[in-house]
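The values are calculated or read from the model by the stated rules, or taken from the named source; none is laboratory data. What you see is a predicted model, and the numbers here were worked out from it, not measured in a lab. Here the Cβ positions follow ideal geometry from the backbone for every residue, glycine too, while neighbour counts run over all protein chains shown.
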Amino acid sequence: MTSKKNLATTTPASAAARRRRVIGMVTGIAVAAALTATAVPAMAQSQDSQKAPSEQSAQHYLSPLQVTSAYYASYNGDLAAGFNRYISKDLVLHGFNGPERRADWIKGDLNIKAGLKGFKMTVLDQIVEGDKVVTRWSFEGVHTGTVFGIPASGRDVTLSGISIDRVIHGQSVEHWSEGNFGRFLDELRGEDASGSATPSAE
């Protein structure tokens, strides 16, 4: 009798205790699941935000060949805009006569373009080696305006040369040029190689 009474009185309590434990476990699992569901997107978002700067810095840059091709093409269009877009403001310049200033380069080329009617730049060859591009080019036009202080002569003139651009992050940061600049000036003045004058074009 005693054992049956004890069994009858303890069983409901034990069942209630078990129910409380089960409810507690289920609640704990639910809370953990909710925390995990919140934490995983947050971690993913944090990782994405950390990756974003490096990914952005590694993209949207034109290749060295694309940069130089676009720059030399701008000679036949908006040269000033092309210069500002593709030539670094911290450019190291090695011009025809040794190191020169960036501002002198664009000023001189704009002066030439303005003084030659029918100005046309032609890219003859381009060779890429790493971050450097070698460009063989030539331009021509009729001397109808003052160029480097030389008054209009009406002559057909040309200037050809070879340039090397070192391109970093979508801009030329170092530029070398070699060309027949002396001969170009002689043509503007109407002089041949011996220094004698040549007749102007009709």
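Summary table
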read-out	value
The listed residue being among the charged types (D, E, K, R) and at pLDDT below 95, out of GLU191, GLU129	GLU191
Residue list for region 53-107, restricted to those being part of a loop (DSSP other than H, G, I, E, B), at pLDDT 95 or above and not hydrophobic (A, V, I, L, M, F, W, C)	SER63, GLY77, ASP78
Number of positions in region 110-128 that are over 14 Å from THR158 (Cβ atoms) and either touching an Asp or Glu at 6+ places or on another chain (Cβ under 6 Å) or surrounded by 13 or more Cβ atoms within 10 Å (Cβ to Cβ) (or both)	6
Condition met for GLY118 (more than 15 Å from TRP176 (Cβ to Cβ), assigned by TED's automatic domain parsing to the domain that holds VAL157 and touching a strand residue (DSSP E or B) at 6+ places or on another chain (Cβ under 7 Å))	yes
Pick from region 161-174, criterion out of contact with any Leu (no Cβ under 8 Å at 6 or more places or on another chain) and under 30 Å from THR146 (Cα atoms), ranking: surrounded by the most Cβ atoms within 10 Å (Cβ to Cβ)	ASP165
Exclusive hit being under 23 Å from the mean Cα position of the chain (by Cα) and at pLDDT 95 or above, set VAL147, VAL173, VAL157	VAL173
